[in-house]
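Q: Submitted below is the structure of interest, expressed as C-alpha cells.
Taken together, the values in this text are just the output of simple stated rules run on the coordinates, not laboratory data. Keep in mind the model is a prediction, meaning the values are calculated, not measured. Ideal geometry is used to build each Cβ from the backbone, glycine not excepted, and the neighbour counts take in all protein chains shown.
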Amino acid sequence: MTKMLRPLACLLFMFSVLAPLNRLHAQVKQITGTVTSSETRQPLAGVTVTLKGTRTVAMTDASGNYKITLPSASGILVFSSAGQLSLEIPVNGESVINATINPDVKAIEDVVVIGYQTVRRKDLLASVSSIGSKDLKDMPINSAEEALNGRLAGVTATTSEGSPDARVTIRIRGGMSITGDNSPLYIVDGVQVENGLSAISPQDIQSIDVLKDAVATAIYGARGGNGVIVITTKSGRTGKPKVTYNGFIGVKYLPKKLEVLSPYDFVIYQSERSRGSSVDSTNFVNHFGHTWDTLLNYKNMQSIDWQDEVFGNTGVTQTHNVGVSGGSKKLTYSFGYTYNNDKAIVISSEYKRHLLNLKTEYKINKNIKIGISGRLTHQDVLGAGVSDTKGSSYNRLRNAVKYRPFLSTAQELDDPDPFADPNVGNGLNLTNPILLANAEYRKKTTDVYNGTAFLSWNLVKNLSFKSTFGYDYNKSMDRQFYDSITPYAIIQGAAKPIAGLDTVIRKTITNSNVLTYTLNNYKDRHDFSVLVGEETYETTTDAYSRLYKSFPAFTTYGAAFKDPTLGTPFTGYPKYSKARYTNISFFGRVNYAYKDKYLFSANVRQDGASKFGPGHKWGTFPAGSIAWRVSREKFMENLKFINEFKVRAGYGEIGNNRIADYLYLTSFRNDGAYFYGINNSAILAYYSGSLVNPDLKWESTINRNLGFDITLFKRRLDITLDIYKNTSKDLLLNVPIASTYGYATQLRNIGQTENKGVEIQLVAGIIRKKDFTWNANFNISFNKNKVVKLGQNQTSFFADPSWGVSGQPADYIERIGDPVGSIWGLVTDGYYGVGDFDYNPNTGQYTLKAGRLTDVGIIGPVMPGSIKFKDLNGDGVIDLNNDRTIIGNPNPKFTGGLSQQITYKKWDISLFMNFSYGNDIYNANKIEFTNGYSNNSNMLKLMEGRWKVVTATGQTAEWVNGTNVFGIPPDQLAALNAQATIWQPLKSAGAFYPHSWAIEDGSFLRVNNLTIGYTFSNKAISSLKMSHLRVYLTGNNLALMTRYSGYDPEVSVRNSPLTPGLDYSAYPKSRSFIFGINASF
C-alpha cells in the first residue's frame, strides 16, 4: 500500500509546483512589431519601447523591428525617440503592434542655439529671431541670405543689385560702426566662418538663429559686435537611409525698363545741343544731315532699345539638391549635394555653383560622442555685369541707356567716336553695348572649404566638456579682360587690350574648449548652469594683383591669361599683400532660474587681439539680463487666454574689431616709379601712407534691451516685442590734423553713434483644422540712428560714393545730430523762365534781372530754361560751400514683412510680402541719364518735356556766345516752351552735382513670393517607391508698389555705411516663375 501511495504523492507534489508556473506562463505575453516614421514612411532604429509604469524596455533594431515580453496581455506601450513625439498604444491582447510616430518639429524649433550652448526658447533672456527648416523648405532660393530679407524683426538683408552673385548686405539693428565693417558674425555648427550663409545650400540648413542684443552676443566678444547669425546644418538620424531630392527650374526676365528718347527725339536734341558751338555743329551736320528736314527721316527709323539687347534675355535658372541621411544607434550621417545654374538676363553672363555637405556623428559610448562635418563650394561667375567701379564709362547699364537708339547709316556696330566728344578724357565716351559685352570678359572663381570636428564628453553627472576645431579656406580668383574697343582700354591702355588677374586666399583656424555644469530642478525650484571656455582664432590673408596693358592687337582673353608677359605691367603692379590676425579669448556664462519664474543670466568675455598695439590688445565685454515669467504667478491663473507672459531686461557691452590689420604700425607701400636726380632717372620708392596711431583700441557698443514674450489663446498667437537703445563709442575716424605732421588726417577712436528702435514679431496659428490650416507671421521694425560725436572741433565730414566724372563734390555727409549716411547736395527749385531776364530787342541778348539768383558758378551761363537751385544762405549767389544741405535720408522709418501659409488637404499655398517705408534713394541714374554733358548721348524719355532751344522749323531760339546769352523775343520763346516740364539738359561740370530732384521716396510693398504646391498621397506614389512627393509653382518678385522711378527701390550699390541708398548702374532685379519638386525615397 505504501509503495502505491509514494508515486502518487510525488505526482501530487510536482503538480502543486508546476501548476502556478503553468498559470504564470499563460499570463506572459510576447509582442513584436515595426516602428516607422510618419514623415519618411521608413523604419526607425533606436526607438525605445517601454511598458508604461514599469522597467520593461526594448529597442528597435536597424530595420525598425522590436520584440518585448510583457507580464500580461494588458498595459500600454510607449514608443519614444529623440526628435520624435512619444506615442502610447494599448496592448489589448494583441501580439503584433506596429507604430508610426511623428517628428517633434516643435521641440526642435523651440530650441535656440546661442553662444556655445542651446536653450529652450521659453527660457531665453535675450533678443533672438529664428528661421527653421520648415520655413526654408517652401522657398525655392539659392542663398539662405534671401530668406532673411523681411522675415525677421530687426534684420535687413539688402541686395546691392539683381545679379545672381550680388552682394547681400545684412544689418542687425542698423550696425554700429561709421567707417568699419558692420557685417554680423557667422557661426556654422559652432565654428566662426566668413560669409557663412553664402557657402551653404539652404536645403542643408536645419535652423538659423539671429542673436541681436548684447545678452546673446557679448559672449562672442568683439567678433559679435554687429550681431551674430548662428547656422545649424542638418544632422543624420537613426534608421534606414533616407534619400531626398529638391529641385526647381524656372525662367526669369526684366520686369521694368527705363524709357528713353526715340531716334527722332534723340537727333532733335543732338541738333539743339550743337547750336552755339561751331565744332559741335560741324560734326553734327556730318553725322546726321545738314538740313532740318533731313532729320524728319528719323521719325520712321526703327528704334533699338539697348536695354532689351543687353539684359532683356529670358534667363533660365535651375537648382538640384540630393540628400542622403540615416544611421544607427551609434552612427548617424547626412550628405547633401547641390548644383545651381543661372543663365542670367544679361548677355554673356552665367552663374554656376556646386556645394557638397557631409556631417556625421559617432557615439563611442554613452558619455563620449565625436563628430566631423565638411562643406565644399565651387562657384563660377561669368560676365562683366552692368556696373564697374573703374569709372562711369565702364558701366554697361550706362551704355545701354545712353547709346544712340539706332545703328549708324552703315549699320555699323562699332562707334569709334563719329560725333566728336571733348569729354573722352573723363571716361564718358560711349560704346555699342553689344560690342562692349563681347569685348569684355570676366570670370570670378571662388573655392571654399569649411571643416569642423568636435568631441563631446559627459565627464561626470551634470558636467560636460566639448572641444571644437574648425578650418575655413577661401580662395577667389578674378580674371578680367578688356579688348581694344572698350573705354577702359582706350583711356588707360592706348586702345590696346588690358588684362587683370586678382587672387585672394584666406585661411582661418579656430578652436574652442567649453566646460558646462548643469543642475536642473534642484529641490524642485532651482535650475542652474555654469559655462566656462576659451577660444583661439587665427586668420591669414594673401592678396595678389596683376594688371597688364599694351597686349598685341587681336590678343584673346585666353592668350592673355595664359601668358600675361605678352603685355606690359601697369605702374605699381604686380601688388602683393599679406595679413595675419590672431585672437585669443576667455569667456563664461551663468544661468539661474528660481521656480521657473525668476530668471537671471550673466556672461563675460575677454578678447586679446593682434590688431591693436601694446596696452590696448585686451578688451572685456560683460552682459547680464533678468526675466520674470509673469504667467507663473498666482494672480495670472484666472487669465486663461494668456499661456505665457515673460518680461526680460538686458544690459551689456559688445565690441567690434572688424578693422584693417596693422593700423597701429607704420606701414610702407609703393605705387610705382618716382623720378629723382639730375638725369631724371626712375627708381622704385616706398612711402608711409598714413600717420600711425599706436593708441588705437576697440570700438564698442553699450546695448540696452527691454523685451516681452507673450503667448495667447491656447498658443495660437506668439508676440515678441523688443525695445532697444545702442550707443556705439570709440569709433575709428580719420581726424584732420595740422599740416606740420606731414599728413592731412590720422585715424583715431573718437566717433560715437546712437541706434534706437522697436521690434515687433507676431506668429499666429489662425486656423488649425485637420484638413485646413492657416498660419501667419508678421514683423515690423522701427530704427533711428544719429551721429553723436566726431573728432575734436569736428562737426561733420563728407563721403564720396565715386560715380560720375572726376572732381564732382561729395554726395554724402556724416554730421553730428543727423543720421549716418545722409545725402548732401543742392536743393532744386525748378528752372529759370523768360520773366527772370531783361531782353534787349536790338541785340537779342538776355540779361538776368537785378536781384535774381544766379547759378553761374554751378551751371555756367544762366539762360531761360536753365535749372535753378535754392539760395539757402540768402546771399543771392548759388555756390557749393553755402547752399548745400541734407537732401535725403536713406534710412527707413520702418521695415518688415508678412508671410502666410495655408494648407487644404493635399494643397498648400504660401505668400510672402516685404515692405519698407520712409527711406530715400539717391537716384544718380536720373542725373546721369538726363544731362547733356557728353555728345551723342541718349536720355530718359521724360526729357521730351525739356525746355527747347530750337523752333519747330529748325530756327535756333536760344544760344550762348562766350558768357552772353541770346535768343528770340521773350514772347516767342515762352510760347515755344509753354508745355515744358523740365529744364534744358546741363552741359557743364555741374551736370553731375547732386541735387534734391534726384532724391526719391524708396518706400515699397513687394509681393516677393507666391507658391502653390500639391502633395501626392502615399497610395498614389507607393508604386514609385517614394515616401513623399510634392510639386509646386512659384512666382518671385510678382508685384511691386512704389513711387520710385528707377528699376527697383531695393538697391544700394556701395558697400559702405557712409554712402547707403545709392542707385547707379545697378544690375536690375528680375521676375521669375519656377516649377519645383520635393521628393523622398
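Q: With a 10 Å radius around each residue's Cβ, average the other Cβ atoms per peptide and rank 864-874, 1046-1056, 458-468, highest first.
A: 1046-1056, 864-874, 458-468
Q: Let me check against my output: what whole-number percent is the relative contact order of the chain, with C-alpha pairs under 8 Å and at least 6 apart? Mind showing how you got there, number by number?
A: Numbers: 2879 pairs, mean separation 117.5, N = 1081.
Contact order relative to length: 11 percent.
Q: How far is helix 263-274 tilted off the main Cα axis of the chain, in degrees rounded to 10, range 0 to 90?
A: Rounded to the nearest ten degrees, it is 50.
Q: Same structure, new question: Ala957's amide H: which non-local residues (gap 5+, or another chain) put their own amide H closer than 5 Å, with H modeled 1.01 Å from N in plane and none for Pro or chain starts?
A: The list, which skips near neighbours in sequence, is Val950, Thr951.
Q: Rounded to two decimals, what is the ratio between the C-alpha radius of gyration of the range 23-103 and 2.2 N^0.38 Å?
A: Details: Rg = 12.3 Å, N = 81, 2.2 N^0.38 = 11.7 Å.
Taking N as the residue count of the range 23-103, the ratio is 1.05.
Q: Only counting other Cβ atoms within 10 Å, I'd like Met176, Met863, Met1026 sorted with the fewest neighbours first. Don't jump to the answer; show the numbers that get you there.
A: On the way: Met176 30, Met863 25, Met1026 17.
Ranked by crowding around the Cβ, least crowded first: Met1026, Met863, Met176.
Q: Amide H to amide H under 5 Å from Leu70: which residues, 5+ apart in sequence or cross-chain, H placed 1.01 Å off N in plane?
A: Placed amide hydrogens put Lys29, Gln30, Ile31 under 5 Å from Leu70.
Q: On to the next question. With θ set to phi - 60° and the Karplus curve 6.51 cos²θ - 1.76 cosθ + 1.60, what are the ³J(HN,Hα) couplings of the range 944-956 in order, to the nearest whole Hz, using x for Gly and Pro?
A: Result, ordered by residue: 4, x, 5, 5, 8, 10, 9, 6, 5, 9, x, 7, 5 Hz.
Q: Can you work out the FRET efficiency for the pair Thr32 and Lys240, with r the C-beta to C-beta distance and R0 = 30 Å, to the nearest 0.05? Please report the intermediate quantities before stating the final value.
A: Values: r = 18 Å, r/R0 = 0.61.
The computed FRET efficiency comes out at 0.95.
Q: What whole number of Å gives the distance from the Cα centroid of the range 572-649 to the Cα centroid of the range 190-212?
A: Each part reduced to its Cα centre gives a spacing of 20 Å.
Q: Another question, if that's okay. When N counts the residues of the range 750-832, how does its alpha-carbon radius of gyration compare numerically with 2.2 N^0.38 Å, as a ratio? Before the final figure, lay out each step's value.
A: Numbers: Rg = 22.4 Å, N = 83, 2.2 N^0.38 = 11.8 Å.
It is 1.90.
Q: While we're looking at this one, here's another question. From the phi of every residue in the range 728-734, what ³J(HN,Hα) in whole Hz does the Karplus formula 6.51 cos²θ - 1.76 cosθ + 1.60 yield, where θ is phi - 60° and glycine or proline is x?
A: Running phi through 6.51 cos²θ - 1.76 cosθ + 1.60 with θ = phi - 60° gives 9, 9, 6, 6, 7, 9, 7 Hz.
Q: Return a whole-number percent for the relative contact order of the range 538-614, with Cα pairs under 8 Å and 6 or more residues apart as the contact set. Write out the running numbers ahead of the final one.
A: Details: 100 pairs, mean separation 23.8, N = 77.
Relative contact order here is 31 percent.
Q: Related question: So what's the back-of-envelope 222 nm ellipticity for the chain, counting only DSSP H runs of four-plus at -39500 (n - 2.57) apiece and dividing by all residues, rounded to 500? Write out the running numbers ahead of the final one.
A: Values: 16 runs with 118 residues, N = 1081.
It lands at -3000 deg cm²/dmol.
Q: Over 19 Å between C-alpha atoms is what I'm after, so list which of Lys597/Lys725; Lys756/Lys789; Lys137/Lys252; Lys352/Lys475; Lys252/Lys475; Lys122/Lys646 land there. Display every interim value, and only then the final one.
A: Details: Lys597/Lys725 26 Å; Lys756/Lys789 16 Å; Lys137/Lys252 21 Å; Lys352/Lys475 16 Å; Lys252/Lys475 30 Å; Lys122/Lys646 9 Å.
Listed pairs above 19 Å: Lys597/Lys725; Lys137/Lys252; Lys252/Lys475.
Q: Note the full-extension length gain between Asn873 and Ile505 as 0.36 nm times their separation in residues minus their Cα-Cα distance, in nm to one decimal.
A: Values: separation 368, 0.36 × 368 = 132.48 nm, distance 5.26 nm.
Contour length minus the Cα-Cα distance gives 127.2 nm.
Q: Report the FRET efficiency, 1/(1 + (r/R0)^6), for Trp618 and Thr885, where r is their Cβ-Cβ distance and R0 is 51 Å, rounded to 0.05.
A: On the way: r = 44 Å, r/R0 = 0.85.
Approximately 0.70, to the nearest 0.05.
Q: Follow-up question, since we're still on this one. Compute the distance from the alpha-carbon center of the range 323-357 to that of the range 983-1017, in whole Å.
A: Using only Cα atoms, the two centres lie 33 Å from each other.
Q: Along Cα→Cβ, 7 Å out, is where each label goes; now give me the distance between the ones at Leu85 and Gln845 in nm to one decimal.
A: 9.2 nm
Q: Pick out, from Val91, Gly327, Tyr573, the residue whose Cα sits farthest towards the positive end of the charge dipole of the chain, with +1 on the Cβ of Lys and Arg and -1 on the Cβ of Asp and Glu.
A: The residue sitting most towards the positive pole is Val91.
Q: Quick one: which residues, 5+ away or cross-chain, put their amide H under 5 Å from the amide H of Val111? H built at 1.01 Å from N.
A: So Val111 has HN proximity to Arg121.
Q: Where nothing but the Cβ of Lys and Arg (+1) and of Asp and Glu (-1) is charged, how large is the charge dipole of the chain around its Cα centre, in debye to the nearest 20?
A: Around 6040 debye, computed over the chain.
Q: For the chain, which semi-axes, largest first and in whole Å, follow from the square roots of 5 times the eigenvalues of its Cα gyration tensor?
A: Semi-axis lengths for the chain are 66, 33, 29 Å.
Q: At 0.36 nm per residue, and after removing the present C-alpha to C-alpha distance, how many nm does the segment from Met59 to Asp542 gain when stretched out fully? Write out the running numbers ahead of the final one.
A: Working: separation 483, 0.36 × 483 = 173.88 nm, distance 5.40 nm.
Length gained between Met59 and Asp542: 168.5 nm.
Q: Okay, next question. Run the numbers for Val324 and Asp563: contour at 0.36 nm per residue of separation, minus the present Cα-Cα distance, in nm. Walk me through the numbers before you get to the answer.
A: On the way: separation 239, 0.36 × 239 = 86.04 nm, distance 4.42 nm.
So the chain would gain 81.6 nm between Val324 and Asp563.
Q: Let me ask something else about it. Could you check the simple spin-label distance between Asn513 and Val530, using points 7 Å along Cα→Cβ, in nm with one decimal?
A: 1.8 nm
Q: Given Cβ point charges of +1 (Lys, Arg) and -1 (Asp, Glu) and nothing else, what value in debye, to the nearest 20, does the dipole of the range 23-103 about its Cα centre take?
A: 280 debye
Q: Need the C-alpha centroid separation for the range 705-728 versus the range 489-532, integer Å.
A: 29 Å
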